[in-house]
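Note sheet for the following structure.
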Amino acid sequence: MSHHPLYKDTDLVLSIESVTKSFDGFKAINDLNFYLGEGELRTIIGPNGAGKSTFMDLITGRTRPDEGTLKYHQDDGHDLDLTKLREYEINRLGIARKFQTPSIYQHHSVYDNIVLSLGHNRSVLHALFYKESKPDREAIEEVLETIRLQDMRHHQAGLLSHGQKQWLEIGMLLAQKPRILLVDEPAAGMSDEETERTGELLLSLEGKHSIMVVEHDMEFIRQIARKVTVLHQGHVLKEGKFLEVANDAKVKEVYLGRQKHE
Ligand SMILES: Nc1ncnc2c1ncn2[C@@H]1O[C@H](COP(=O)(O)OP(=O)(O)OP(=O)(O)O)[C@@H](O)[C@H]1O
Ligand SMILES: [Mg+2]
């Protein structure tokens, strides 16, 4: 297990140091330092264009940094340099990402969507004729319970509400048992009730996965906040508890004062 002088008592899963990424000379990420602890639920806020999604792109290998290191601390004690790995290799290590638009199989049931995400079979047709093993069925039940869609298991996924589709997609990622889960703006477009249930879902995952959640909705952030990181111009402006961050003069100036809900 890896440690950092600032986080002596925390087992780390990610150590990101001095990372810079420019697009056409514009530094979307600028000397970023960031550490994620095992089982931690971290929220990330910041104005539009602060580099939040790019930060997730860098972790998942979708984008390469110009400078700096992204280290993944495996649970066997070995460190891996994520900048050397391809996107699918990073995903296979147990780093899963949820994008904003759900990518579910619209015509299949909720249950089959989770079967399909178990990853045993590469084709949809194969997966649907595949008889799940007992451990598989138990894992699927656990996921259905976590995302609270047990009673919807036979429903066609395409007919679910926007919020339910988002939970299903989180469930499909959970079925792969990721060590790190990256979630970009999960509450966008959700009703207040769905947003709150999403918060409860993410809180229930704390300790089981290391989770990074990017969101603009400050009520939602307040609900799930543990340590909050504020990104501004590709750099960490502030890190701390919700109230420390929300009451910070610099944070108010760059973000909260002109916060835009999307
Ligand atoms: N592939 C790319 N090519 C060029 N510029 C990019 C690319 N990806 C991101 N950028 C730029 O990098 C900056 C950071 O964008 P990013 O999407 O990471 O911000 P964000 O914090 O996620 O913003 P939002 O809150 O609006 O989602 C923006 O100025 C964006 O235009
Ligand atoms: Mg974004």
Original post:
Counting only protein heavy atoms and using a 1.4 Å probe, what share of the accessible area of the chain belongs to carbon plus sulfur, as a whole percent?
Top reply: 48 percent
Original post:
Highest GNM mean-square fluctuation, the chain, Cα pairs closer than 10 Å: which of L202, L173, L243?
Top reply: L243
Subject >> In Hz, Karplus ³J(HN,Hα) per residue of region 77-93 (6.51, -1.76, 1.60; θ = phi - 60°; x = Gly, Pro) >> reply: x, 8, 9, 10, 8, 5, 5, 9, 10, 7, 4, 5, 5, 5, 4, 5, 6
**OP:** Work out the FRET efficiency for D66 and E196 from their Cβ-Cβ distance, taking R0 = 41 Å, and round it to the nearest 0.05.
**Re:** 0.55
Subject >> Candidates L231, L182, L159, ranked by Gaussian network fluctuation over the chain, Cα under 10 Å, top entry >> reply: L159
Subject >> Ellipticity estimate at 222 nm from DSSP helix runs (n ≥ 4, -39,500 (n - 2.57)) divided over the chain, nearest 500 >> reply: -9000 deg cm²/dmol
Original post:
Out of residues 5 or more away from G37 or on other chains, whose amide H comes under 5 Å of its own, with H placed 1.01 Å from N in the peptide plane?
Top reply: V13
Original post:
How would you order 206-214, 71-79 from highest to lowest mean count of nearby Cβ atoms within 10 Å?
Top reply: 206-214, 71-79
Original post:
Can you tell me the accessible area per residue over the chain, all protein chains present, probe 1.4 angstrom, in square angstrom?
Top reply: 49 Å²
Original post:
Going by alpha carbons, how many degrees (0 to 90, nearest 10) lie between the helix axis of 192-205 and the longest principal axis of the chain?
Top reply: 90 degrees
Original post:
What is the chain by shape, rounded, prolate or oblate, if you read a ≥ b ≥ c off the alpha carbon gyration tensor as root eigenvalues and call it rounded for a/c under 1.5, prolate for a/b larger than b/c, and oblate otherwise?
Top reply: prolate
Original post:
Where a Cα-Cα gap under 18 Å defines reach, which lysines qualify for K21, not counting those fewer than 8 residues away within the same chain?
Top reply: K52, K71, K84
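The values are calculated or read from the model by the stated rules, or taken from the named source; none is laboratory data. Note that the structure is predicted; figures quoted are calculated from it, not measured. Virtual Cβ from ideal backbone geometry, glycine too; neighbours counted across all protein chains shown. Calculation scope for accessible area: heavy atoms of the full protein, side chains included, ligands and nucleic acids excluded. Shrake-Rupley method; radii C 1.70, N 1.55, O 1.52, S 1.80 Å.
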